[in-house]
Amino acid sequence: MKVEITALSHIFFTPQPLPALQNLNLYIPSGQFVAIIGPSGCGKSTLLRLIASLLQPTSGSIRLDGKTPAEANAARQVAWLAQSPALLPWLTVEGNIALARKLLATQLNHQMSVRQALARVGLEQFAGAYPFTLSGGMQQRLALARLLIQNAGLWLMDEPFAALDEITREQLASMLLDLWQPAQPTVLWVTHNIYEALRLAERVIVLSSAPGQIVADFRIDLPHPRREDRADFQDLLGEVRTALNQAVEATV
Amino acid sequence: MNPFRLSGGQIAVLIVTVFLLAWEAAVRLLTIPVYLLPAPSRILRTLIEHPALYAQASLLTLAEAFAGLLIGLLAGVMIAALLTLLPGLEEGVMTLAILLKSTPLVAIAPLLTIWLGFGILPKILITALLTFFPVLVNVLSGLQKTDSHHLELFHSWHASRREVFRHLRAPNALPYLFAALKISAPLALIGAVVAEWTGASGGLGRVMWLAYTNLNLPFLFAAIFILAAAGMALYRLTVWLERQVIFWQSHPEP
């Protein structure tokens with residue numbers, strides 16, 4: 001799914017007007033894996049929420065394969081994953097996936113069974129367990145399986161691994177890449193971790209502090225698996241870090 | 001904290017026993033006349049001497065309490081569901097419910113007896129009226145207070161209002177329903193007894209009223225003992241049921 005954003009602005013009225021995004025223009029071709037980084041409060045989450053039709057923009061337009069966010073949402077083509085796995089505690093591991101499959105069944109042609117989705121994230125032995133018996137990393141893996149079964153053209157991910165420890169985070173990031181590979185949906189992934197962004201994404205977009213604007217846009221052409229000790233990785237890391245620092249300083 | 005390593009239940013039994021023994025001792029040592037305060041032993045003897053009377057009265061009162069609780073429960077849950085699906089009605093209906101709730105029970109009870117007679121129907125209605133409000137208020141907040149992350153997830157699935165209700169709001173309200181039951185179950189007994197007090201042909205309330213007008217305090221206290229025990233049993237039953245149904249509650253939410 002391709003994403004076209006034109007002159008997008010968003011102002012929160014709290015009740016003082018608080019501009020979150022200002023005149024944002026962005027084109028993302030179908031199937032691109034994009035990481036969005038920026039200082040906290042730069043409107044990264046607001047951008048995702050606007051695309052998910054959880055918010056209505058103050059001005060400007062968003063088109064997802066030519067559709068409005070509401071139309072794409074009605075077609076169940078936009079999948080959502082945030083920091084909280086948002087599992088239903090009264091359903092088993094299997095039950096959580098089965099509910100997603102059931103509620104999405106009318107719109108999508110499902111090739112994937114509940115068991116297959118669980119196998120993809122390595123949770124098949126835990127099918128009958130309840131979410132509260134799982135670790136934080138396993139809970140987020142379950143949320144990934146649920147995302148996978150939606151078979152959506154666009155994945156919106158708002159710091160999905162931010163609450164996890166570093167080792168688990170790296171494992172889940174690799175898993176995310178593996179899950180993305182076969183169908184290659186478009187991914188918009190908000191993170192505050194530069195390493196993570198450079199290890200996974202094909203493109204890294206740096207936003208300035210609120211009101212958020214794009215201050216840098218990097219193409220990452222490094223081959224997978226990416227190694228942090230390579231010189232080109234380190235060069236890019238330095239460039240992104242500089243851009244991020246400038247974005248922070250610009251608003252101080 | 002707990003040098004004798006007693007369980008919560010053992011401590012509760014211990015406290016009640018100490019209380020009853022102190023009561024017994026006070027009555028005997030201070031020679032309090034029986035028309036002011038009978039000793040627990042005297043009350044228990046009254047119970048044992050009139051098993052049929054108390055069994056019959058208890059059965060009737062419990063039946064009324066259960067029927068009233070069931071109706072109050074169903075009405076509370078149904079109205080809460082209706083207000084969640086049609087939020088525009090909330091203010092109007094809640095105002096009416098609060099008006100009904102603030103009207104003193106002792107004022108409505110005799111009216112219902114006048115209109116509906118001395119049978120069990122007015123008792124069941126009063127109990128229902130009394131138990132309905134905690135259920136309505138609790139279940140309504142359970143249905144409304146859904147986690148924003150869950151709502152975002154259901155939004156991303158483009159779930160209908162009915163699907164959100166069935167798969168998210170309803171199970172989310174279950175712990176609130178049990179919180180309401182813990183309040184309403186003991187209230188049901190009070191409702192039934194107060195209703196009987198205002199005019200009935202049987203039941204514990206009737207026994208208490210007769211004992212009261214004759215200043216027969218052992219009879220009165222025997223009924224109170226039964227009510228206290230029944231209230232406790234109902235509460236424990238609710239807690240046990242809650243543990244079976246809400247198995248995910250004692251754990252932090254994912």
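Laboratory data are not the source of any read-out in this text; all were calculated from the coordinates shown. These figures come from a predicted structure and were not determined experimentally. When we count neighbours, we look across all protein chains shown, and the Cβ atoms used for this are built from the backbone with ideal geometry, even at glycine.
A few points about this structure:
- Hull volume per residue, based on the alpha-carbon atoms of the stretch A:72-142 and their convex hull, is 91 Å³.
- Overall dimensions of the stretch B:1-61, expressed as equivalent-ellipsoid semi-axes from the Cα gyration tensor (√(5λ), whole Å, largest first), are 28, 21, 8.
- Each distinct pair of alpha carbons in the stretch B:166-254 adds a 1/r term; the inverse of their mean, the Kirkwood radius, is 15.3 Å.
- Translational diffusion coefficient (Stokes-Einstein; Kirkwood radius from C-alpha pairs) of the stretch B:131-176 at 10 °C, 1.306 mPa s, in µm²/s: 145 µm²/s
- Mean separation of Cα pairs under 8 Å and 6 or more residues apart, divided by the residue count, gives chain B a relative contact order of 26 percent.
- Hull volume in cubic angstrom per residue (convex hull over the Cα atoms of chain A): 131 Å³
- Each helix, a run of at least 4 DSSP H residues, gives -39500 (n - 2.57); summed and divided by the residues of chain A, these come to -11000 deg cm²/dmol at 222 nm.
- Across the protein assembly as shown, the convex hull enclosing all Cα atoms gives 227 Å³ per residue.
- In straight-distance terms, cross-link reach from A:K44 covers every one of the aspartates and glutamates whose alpha-carbon lies under 15 Å from its own, apart from those fewer than eight places away in the same chain; here that gives A:D158, A:E159, A:D217.
- Kirkwood-based Rg to Rh ratio, the stretch B:56-245, C-alpha trace: 1.08
- Helix axis angle, A:166-183 relative to chain A longest principal axis, alpha carbon, degrees: 80 degrees
- Normalised Debye scattering of the stretch B:64-145 at q = 0.15, 0.17, 0.22 Å⁻¹ gives log10 I(q)/I(0) of -0.55, -0.68, -0.99, counting only Cα atoms as equal scatterers and leaving out solvent.
- Straight-distance candidates among the lysines for linking to B:K123, with alpha-carbon spacing under 30 Å and chain neighbours fewer than 8 residues away dropped: B:K101, B:K182.
- Two-decimal Rg to Rh for the stretch A:144-191 - Kirkwood Rh, Cα set: 0.95
- Contact order for chain A, expressed relative to its length and based on alpha carbon pairs under 8 Å spaced 6+ residues apart, stands at 27 percent.
- With the highest mean first, a sort of the peptides A:95-102, B:187-194 on other beta-carbon atoms found within 10 angstrom per residue produces B:187-194, A:95-102.
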